[in-house]
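S.K.: This is the structure I want to talk about, given as structure tokens.
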Amino acid sequence: MLVLGIETSCDETGVALYDSARGVVAQELFSQVALHEIYGGVVPELASRDHLKRLLPLLQSTFDQAGVRRHDLDGIAYTAGPGLLGALFVGATLARALSFAWSVPALGVHHMEGHLLAPFLAPESARTGLDYPFLGLLVSGGHSQLISVQAPGEYTLLGETLDDAVGEAFDKVGSLLGLPYPGGPALEKLASEVEKTDLEFPRPMAGKPGLNFSFSGLKTHVNQFIAAKKAANAWGGTMPAEVARAFQEAAVESLWLKCKRALRDTGLKRLVVAGGVSANRYLRDTFEVGASKLNAKVFFPPHAYCTDNGAMIAYAGYLRLAAGQFDQQLGVNVRARWSLDELSPIALSEPIV
Ligand code: KG4
Ligand code: ZN
């Protein structure tokens, strides 16, 4: 089964073709980072206009790369939410128009389901042992959620952030450190300039019961720390790198503490960490060491599929299209907010490849 995936929920235009027998056969990704950089964050109207400009050429080159034609296509998956409404509409409208024109079914996919299942796109050696049920940790610019995944499409939200998402905290602290947008990758790079730091920032929610997260207090703490150092003329040298490192340690350890608790509470032995922040090396190392101490195994998406991309949408869409799900209404529906546990289960009709 050959499925086209279209992702336009935020500031990346992603197009990919997923073949159930061969995996991802082609993909194109255009990042709008340079467009939004001067504003320090994504400007929704600019994002929509740019998706509109990029989509058709990316679509054409994805088909060219794969060497397939539209007649080979069995379905079209597009991100229907959550995300920026205008941006979502661009991808959704194209997907539905192609579906009518080419007489192939289309399906609106949940962006976070795409992230959550992206580790299944890893080469076989990297996903040995990956199966349902598992504990999922979604860490992106808009979400920090712990999810119990009982079976494909069966999600129970166990915990989430009470304020900022962890990626958002990386971006805001990055901006306090004068780093370019998005702050996450730049902050990781700056943190790697020092091998260690004696600075220790608070681990938010560590002492509280339950599985929720909170990151805005940590960000405020870092803000006040930097302001105090600057006021005392003690800002400079290795201090910015140490602050980046101490923030990264505090943020990652706060995530790990809750994952550890959730693994113990649920008895699950498999943990999937996905979303943009799962690209972070320090996070990967901390989670791998921590999980092995609990006799659990942690799985990540391949690096190319950590941040937003069309391949993860094509894959999640493939699972649902193969199970007979598709959009039946005439209108184009997208959702800015959409909880994962509203999704319907997927009855797998083919083995996972
Ligand atoms: O999943 P994603 O591409 O978009 C959303 O759905 O939000 O995640 C983007 C987020 C941004 O906040 C970005 O700073 C963060 O992921 N991120 C990272 C790293 N790479 C991306 N955060 C920490 N370390 C990284 N290496
Ligand atoms: Zn995302």
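S.K.: Near the amide H of Gly23, under 5 Å away, which other amide H atoms are found, from residues 5 or more places off or on another chain, if H is placed in the peptide plane?
M.R.: Under 5 Å from the amide H of Gly23 lies no amide H from a residue far enough along the sequence or on another chain.
S.K.: Now a separate question. Find the all-direction average of the projected area of the Cα convex hull for the chain, expressing the result in square nanometres with one decimal place.
M.R.: Over all viewing directions, the chain projects a mean Cα-hull area of 17.6 nm².
S.K.: Calculate how many DSSP beta bridges within segment 1-144 are antiparallel, expressed in % of all such bridges and rounded to the nearest 5.
M.R.: Here the share of antiparallel DSSP bridges comes out near 60 percent.
S.K.: Enumerate the calculated ³J(HN,Hα) couplings along segment 135-152 in order (Karplus 6.51 cos²θ - 1.76 cosθ + 1.60, θ = phi - 60°), each rounded to whole Hz, writing x wherever the residue is Gly or Pro.
M.R.: Result, ordered by residue: 8, x, 10, 9, 10, 9, x, x, 9, 9, 9, 10, 10, 8, 9, 6, 7, x Hz.
S.K.: Over segment 192-320, what is the relative contact order in percent, taking alpha-carbon pairs closer than 8 angstrom and at least six residues apart?
M.R.: Answer for segment 192-320 is 24 percent.
S.K.: Further, regarding this structure: Cut-off under 19 Å on the C-alpha distance; same-chain residues fewer than 8 positions from Lys219 excluded. Which aspartates and glutamates are left, in chain and number order?
M.R.: In chain and number order, the partners are Glu160, Asp163, Asp164, Glu168, Asp171, Glu188, Asp198, Glu200, Glu242, Glu249, Glu253.
S.K.: Determine the per residue accessible area of segment 165-246 with all protein chains present and a 1.4 angstrom probe, expressed in square angstrom.
M.R.: Heavy-atom accessible area per residue stands at 50 Å².
S.K.: Report the antiparallel proportion of the DSSP beta bridges in the chain as a percent, rounded to a multiple of 5.
M.R.: Bridges in the chain are about 60 percent antiparallel.
S.K.: Return one number: the angle in degrees, 0 to 90 and rounded to the nearest 10, between the long axis of the Cα atoms of helix 44-66 and the longest principal axis of the Cα atoms of the chain.
M.R.: Roughly 60 degrees, rounded to the nearest 10.
S.K.: Follow-up question, since we're still on this one. Counting only protein heavy atoms, what percent of the accessible surface of segment 1-88 is carbon or sulfur at a 1.4 Å probe?
M.R.: It is 54 percent, rounded to a whole number.
S.K.: In addition: Strictly over 19 Å apart at the Cα level, which of Lys172/Lys208; Lys189/Lys230; Lys208/Lys260 would you flag in this model?
M.R.: With Cα atoms farther than 19 Å apart: Lys172/Lys208; Lys189/Lys230.
S.K.: I've got another one for you. Find which of Leu177, Leu190, Phe225 sits farthest along the positive direction of the dipole of the chain, computed with +1 on the beta-carbon of Lys and Arg, -1 on that of Asp and Glu, about the Cα centre.
M.R.: Phe225
S.K.: Leaving ligands, DNA and RNA out of it, work out the accessible area of Lys196 with a 1.4 Å probe and give it in Å² to the nearest 10.
M.R.: Its accessible surface works out to 140 Å², give or take rounding.
S.K.: Follow-up. Mind giving me the FRET efficiency for Ser61 and Ser125? R0 is 25 Å, r the Cβ-Cβ distance, nearest 0.05 is fine.
M.R.: 0.30
S.K.: Which whole-Hz ³J(HN,Hα) couplings does segment 103-120 yield from phi under the Karplus relation 6.51 cos²θ - 1.76 cosθ + 1.60, θ = phi - 60°, glycine and proline marked x?
M.R.: 3J(HN,Hα) across segment 103-120, in whole Hz: 6, 10, x, 10, 8, x, 10, 6, 4, 6, 5, x, 4, 4, 9, 4, x, 6.
The values are calculated or read from the model by the stated rules, or taken from the named source; none is laboratory data. What you see is a predicted model; the values in this text were computed from it and never measured. Note that each Cβ is placed from the backbone with ideal geometry, even for glycine, and that neighbours are counted across all protein chains shown. The accessibility values were calculated without ligands, DNA or RNA, using every heavy atom of the protein model including side chains. Shrake-Rupley method; radii C 1.70, N 1.55, O 1.52, S 1.80 Å.
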